[in-house]
Amino acid sequence: MSCIEARSISKSYDGILAVDSIDLSVPTGKIFGFLGPNGAGKTTTIKLLTTLVPPTGGTIRILGMDAISNPLEVRKRIGVVLQQPSYEPTLSVEKSIEKYAMMWNVDKKLQKDRMEDLLLAFDLQDIRKKKNDDLSIGHRRRVQVAREFVHDMDLLFLDEPTVGLDPSARRSLLDYIKKRVREGLTIFFTTHILEEAEYLCDEIAIINKGKIIAVDTPAELKNKFGREKTIKIHIDTIRKDLSVLLQGIRDYQIDYNSGTTITIQSHSSENILLKILKILTVNKIPIEDLSVVPTSLEEIFLTMVKNSNVSSD
């Protein structure tokens, strides 16, 4: 069953399409990643799906409800953490969570239990009495995300939730998100950190210039678009003559930062490697190290966005 069903949704501002007739289908109980460069249409799409702005065209169903004609009903069952900072300067950490619980009419006893759980899960116990205005950017962000989990919801939109977090806090948040999804929550997740998407998401959509250019699992995106392999050959000494010896061979580069490193990146990396190894052997050039680096999701993302820009120009 789909938690989100959007068909041909568009949004234009002053005649400029920010979102250009996109389709989205997000399965229930999964983490759906939504990736794209700055200005690609991610935040506008989130505002459409969370009923903050109406679409110029298309249909949106959230949790089985028509989000365009029933926005208030949709809002009762979703949570939203937007990219922009949001905090109450004069309230303490625990008072912020308490206020949010009251806004959502959370039962008094449940409020207390959930607050303690969230303070523990987000490592906020030691600063619970501190005012938000006195917190670091990372701590404010933790409070902003933590308070959203104080109420019941079926679907949560997280727009760049780890901005400002250190690596340890970031991993703790990602693991907490995974835990909540195992309990039945659905997450719509945007990030600029591709390692996060790969670690967290069951499925990923990539948007560029308002259009969806790919939707698949991280593994399938790698299978489809990550056929290039990166192979590195390291030689202990600096060999400035290598470019002459390797003349005529394509898809490699040489750097001399520490000895000599030949980097091959191509769909036919293995064939190029064999040719280079033959030349190195003939010229009695010893190899210090050889490694194969699989194509990362970040490399695939950058390549797809670049190709999309070229094809649309």
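The values are calculated or read from the model by the stated rules, or taken from the named source; none is laboratory data. None of the values given here were measured: they were computed from a predicted structure. FYI the Cβ positions are ideal-geometry reconstructions off the backbone, even for glycines, and counts take in every protein chain you see.
Restricting segment 182-198 to residues that are among the aliphatic types (A, V, I, L, M) and either over 25 Å from residue 47 (Cβ atoms) or under 16 Å from the mean Cα position of the chain (by Cα) (or both), which is surrounded by the fewest Cβ atoms within 10 Å (Cβ to Cβ)?
Selected residue: 193.
Give the residue, chosen from 9, 62, that is buried (at least 21 other Cβ atoms within 10 Å of the Cβ) and in contact with a Pro (Cβ under 7 Å, 6 or more places away or on another chain).
Just a single option satisfies the conditions, and that option is 9.
Quick one: would you say residue 205 is buried (at least 19 other Cβ atoms within 10 Å of the Cβ) and assigned to a strand (DSSP E or B)?
Answer is yes for this residue.
Find all pairs meeting these conditions: Cβ atoms under 7 angstrom apart; at least six residues apart or on different chains; first residue within segment 235-259 and touching a residue at least 12 places away in the same chain (Cβ under 8 Å); second residue surrounded by 10 or more Cβ atoms within 10 Å (Cβ to Cβ) and of a type in the set (Lys, Arg).
Within 7 Å, the pairs are 249/275.
Of the residues 25, 12, which single one is within 28 Å of residue 176 (Cα to Cα), part of a strand (DSSP E or B) and assigned by TED's automatic domain parsing to the domain that holds residue 177?
Going through 25, 12 in turn, just one is within 28 Å of residue 176 (Cα to Cα), part of a strand (DSSP E or B) and assigned by TED's automatic domain parsing to the domain that holds residue 177: 25.
I'd like the full set of residues that are more than 30 Å from residue 40 (Cβ to Cβ), modelled with pLDDT of 85 or more and of a type in the set (Val, Ile, Thr), limited to segment 254-303.
254, 260, 261, 262, 264, 272, 276, 279, 281, 282, 285, 287
Please specify each residue of segment 77-93 satisfying the condition of being in contact with a Leu (Cβ under 7 Å, 6 or more places away or on another chain) and of a type outside the set (Val, Ile, Thr).
Once the filter is applied, which keeps residues that are in contact with a Leu (Cβ under 7 Å, 6 or more places away or on another chain) and of a type outside the set (Val, Ile, Thr), segment 77-93 yields 77, 79.
Yes or no: residue 306 at pLDDT 80 or above, closer than 30 Å to residue 209 by Cβ and outside any strand (DSSP E or B)?
Here the answer is yes, as residue 306 does meet what is asked.
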